[in-house]
Structure formats: structure tokens, C-alpha cells
Amino acid sequence: MRLGCRYALAMSDIDRRTFLAAGATAAVPLMLKSTPASAATTRGDWRREARRAGPVVISSGNGLPAVTRAMEELQRGADPVDAVVAGVTLVEDDPGDMSVGYGGLPNEAGVVQLDASVMHGPSHKAGAVAAIENIRNPAQVALRVMRRTDHVLIVGAGALAFAKAHGFKEENLLTERAREAWLKWKENLNTDDDWLNEEQHLERDARAEMAEQLGIPWHYGTIHCAALSSAGDVGACTTTSGLSYKIPGRVGDSPIVGAGMFVDNEVGAAGATGRGEAVIQSCGAFQTVQHMAAGLEPREACLKTLQWIADHTKRRSLLTGAGRPNFNVTMYALRKDGKWGSACMLPGGSFTLHDGTEAKRLRSTPLFE
Ligand code: GLY
């Protein structure tokens, strides 16, 4: 289902300076600078424009502490990949955020399994871990994979053994709050499993709705964070506890380089939160960076990827009656010239930003109203 008018809106760009100078607070509507199509940036022009480089940090809606910390690190001269990992570590450590790290919602067996990836623009190196248990900071382990191995992705027991070899401490990541949420899910949805036939997909949508009504946390929560240093280098990280109550071993988009996160130091970074299966099937972050390389503004690039996902969503259980995706994905993009943007499939997505002055939470632009 195409939404021409929504996409036309994407042709405008947020005027970052105006927005930030206005001292806008969280939840203030986006302030748009109208850019006539004829005056819109033509392909590749941004590379020739005067650099409005970093430091800039962008993150998902739950990333306010992350952007603040990452900016402090950048201002101290840290590499952007170290800065974003320091930022997301705060959120991984926070038991109140049930989408990531310690206190993240567990899989269907009640075990917390975490995914994370990192990417370093200047060297184009990446590292990731998936389905790692008992280690609260998978982003830091992903950084070790990048720096201390010749691999990109290590999973499961191998990832845990690798982390322990590097001195990470094992601990139980299931907080009481997360255990109770899981138990409630188990007791109320006891015919539940993730082995679905076509009809059961429909039933699953109803279950998600029921879980919402019962107040059972249910999500694909994640934190993505990307940073641009004043030297113009880019780094990014995405870390998550993944889809709540997933089949043990299920891996989402977050640790998949090119899906949940991607960096091209000549272009910028992109990341995703939301339904990981859709992001994997679209190479979401890679695609978004490619759209920026082709000349799109960051928010346009995010919208174009979301439109691609919508166009390629065929499964009936994933579509509304109007033929639109019934799940959310939020994309985040940070370009090498300091421009940034975010868009979501459905209303409700948000992102956080630090431009060196202050940290803010802003609304992502929905593709579908
Ligand atoms: N985007 C997080 C996940 O699907 O695991």
C-alpha cells in the first residue's frame, strides 16, 4: 500500500538548527522547513556542501541517557563506536528498561537472551553477538568481537564463553519484574508457542492485543545509538533483549550487520528498532544508508526503507484490513554532514538526539497515519 502524500511530506526536512534553537522539548511536534522539490538536495549534493559535521548523537526513543553519555564521550575525544557503547551500557544496566540488557523481557522459556552489534566507520569493522545469556552488556561483548577476533558474529554458548574469556561476569539477568511479566504471559496464554501455521498468525495478532489489554509487556524493544565525531567519523551500536517471549535461539535484526545497524564512514549510519524479522528481510539499515548515499535526506531515507518494507509485507497476519503493515518499525539515520532523521511505520515512534548542546526526545515521522 503506497502512501504518496505521506512520502511527499518526507521531501521536507527538519531544520535542525531552527528546531534546537527553539529549545523544543520532548513531544513537541516536528518543526518542518518546507523545501520546494526544485530546491531539494539533489543526489550527492550534501557531500559537496559545507560540512556541518559532528559531534551529533542519535538514538531510539529510550536513548536519552545514551545520547547524553555518548556526547560526553565524544567531547572527551572518544571514538564514536566507544562513545555509543558507553551510552547504551547505561540503558543495558537499567532494570527499568525491559527491552534491553539487565531486566530485559525473557524468551518463552523465561531466559533472557540478548543480541547486539557495533560498527566502526573508519575501519569498516563490525562485531556482534546473538542469543547470549547471563551477560548484561552484550554491546561491550560485540565491541570485543570486533576488536579481538577476526569474526563478526558469535552466538549462544560460544558468545558466552567468549565473553567469559574476556572477563565479563555471568549473572542472572531476569529481574523479578521481568519474571512476573513472563509468568503472567505464560499463565494467560498457556496455549502459546511460536510455531504458527497460517491461521495461527491471525490468532497471534489477537493475542498481542489481549496482552496489551491485560497489561502484559510485549515488545520488540531495542536501543540503537549512532554517533558522528567532530572529525567526521561515524560509529553505531544496536542492542536488545529482542522480541519478548521468543522461541529460544531466535535472533532479531539487532546483531545483524546491515539489518539492525550499519555504518559507511563516507555516508553515515542507520539503525532500526521494532519488528526485527521485517528489518532483516529488508536489510533495513544497509538500505537506509544506501538511500542517503544516493542523495536522500536522512528522514527521507528512513521513509523509503519503510515504504519498501510495507511494499514487501505479504503475509495476511501482518497486514491490516487496509493492507498496511500492522507492526511498527522505527528507522534512525545520521549522515556524515551532521544531518539526521527518523521515521516509523506507524505513529508512536520517537528518537533522541544530542547535537552538542542538549539531549532531546523527538517524534519520528510516521509513514502511515
Ligand atoms: N528489533 C529487535 C528485535 O526484533 O529483536
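The values are calculated or read from the model by the stated rules, or taken from the named source; none is laboratory data. Everything quoted here is computed from the prediction, not taken from an experiment. Glycine gets a Cβ as well: all are built from the backbone with ideal geometry, and neighbour counts include every protein chain shown.
Things to note:
- Filter result for residue 298 (within 17 Å of residue 58 (Cα to Cα) and in contact (Cβ under 8 Å) with a residue 24 or more places away in the chain): yes
- Residue that is surrounded by the fewest Cβ atoms within 10 Å (Cβ to Cβ), among those in the range 143-175 that are acidic (Asp, Glu) and within 21 Å of residue 240 (Cβ to Cβ): 171
- Test: residue in the range 94-110 that is within 23 Å of residue 215 (Cβ to Cβ), surrounded by 15 or more Cβ atoms within 10 Å (Cβ to Cβ), acidic (Asp, Glu) and more than 18 Å from the chain's Cα centre (by Cα): yes
- Test: residue in the range 54-66 that is over 19 Å from the mean Cα position of the chain (by Cα), at pLDDT 95 or above and surrounded by 24 or more Cβ atoms within 10 Å (Cβ to Cβ): no
- In the range 248-264, residue nearest to the ligand (Cβ to nearest atom) [restricted to those that are crowded, with 24+ Cβ neighbours inside 10 Å and part of a loop (DSSP other than H, G, I, E, B)]: 252
- Residues of the range 118-138 classified as among the small types (Gly, Ala, Ser) and closer than 21 Å to residue 245 by Cα, total: 2
Here's the yes/no breakdown for (1) near the ligand (Cβ under 8 Å from one of its atoms); (2) more than 17 Å from the chain's Cα centre (by Cα); (3) within 18 Å of residue 154 (Cβ to Cβ):
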residue	(1), (2), (3)
221	yes, no, no
224	no, no, no
231	no, yes, no
246	yes, yes, no
266	no, yes, no
269	no, no, no
273	yes, no, no
285	no, no, no
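Residues are listed down the side, and each one gets a yes or a no for (1) under 30 Å from residue 215 (Cα atoms); (2) in a helix (DSSP H, G or I); (3) not hydroxyl-bearing (Ser, Thr, Tyr):
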| site | (1), (2), (3) |
| --- | --- |
| 77 | no, no, yes |
| 116 | yes, no, yes |
| 139 | yes, yes, yes |
| 157 | no, yes, yes |
| 160 | no, yes, yes |
| 171 | yes, no, yes |
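- The set of residues in the range 341-369 being among the β-branched types (Val, Ile, Thr) and not in a loop (DSSP other than H, G, I, E, B) consists of 352, 365.
- The set of residues from the range 107-128 being of a type outside the set (S, T, N, Q) and within 13 Å of the ligand (Cβ to nearest atom) comprises 112, 114, 115, 116, 128.
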